[in-house]
Amino acid sequence: MLEVYCGDTFSFDDQAVKDQAKREAAAIATLRAEWTDFPALVQAIDEYEAGKTPEATFVQALDRLHPILTDYLCEGRSWHKLGITFDKFIKIKDTKVPSSPEIAEYYYQLRDILVKNPQLFTAPR
């Protein structure tokens, strides 16, 4: 729901990542003002953003795993189009996706598959 107000942030877009927190804070403020009859929504978003519960870290990690699965199933189309190398992928994803122990297991299995399929990424420049 938050992304309806601030848009999705592509993890490989350095500029978007820089102002992500600012855009998300503004979106949360908008949600608080416009959804006063649904306080549980804002509470759930706050919990997600804080990542302080196992459920929140699970959902965060799943949210980060999903695009990887999509790119894999599409034979690396986005990675090729945007010039994403495997090294850049690892640098960004290894620090964020395995935040949930339940998701980490699947992420590392998928990463092993990606290692065996370098054609899914662009060559380093």
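Neighbours of residue 38, meaning other residues whose beta-carbon lies under 14 angstrom from its beta-carbon, give a summed charge of -2 when Lys and Arg score +1 and Asp and Glu score -1.
Label-to-label distance, residue 29 versus residue 81, with points set 7 angstrom from Cα along the beta-carbon direction: 3.3 nm. When only the Cβ of Lys, Arg, Asp and Glu is charged (+1, +1, -1, -1), the dipole of the chain relative to its Cα centre reaches about 620 debye.
Spatially, the range 36-50 and the range 71-112 are offset by 28 Å when compared through their Cα centroids.
In units of the rule-of-thumb radius 2.2 N^0.38 Å, the range 53-125 shows an alpha carbon radius of gyration of 1.09. Here's the picture: charge each Lys and Arg Cβ at +1 and each Asp and Glu Cβ at -1 in the chain, and of 33, 53, 108 the one pushed furthest to the positive end of that dipole is 108. Classify the chain as rounded, prolate or oblate, taking a ≥ b ≥ c as the square roots of the eigenvalues of its Cα gyration tensor: rounded when a/c is under 1.5, otherwise prolate if a/b is larger than b/c and oblate if not. It comes out prolate by the Cα gyration axes.
Only the coordinates and a few stated rules stand behind these numbers; no lab work does. Bear in mind that the values here come from a model prediction, so they are computed numbers and not experimental data. Neighbour counts run over all protein chains shown; Cβ positions are idealised from the backbone, glycine included.
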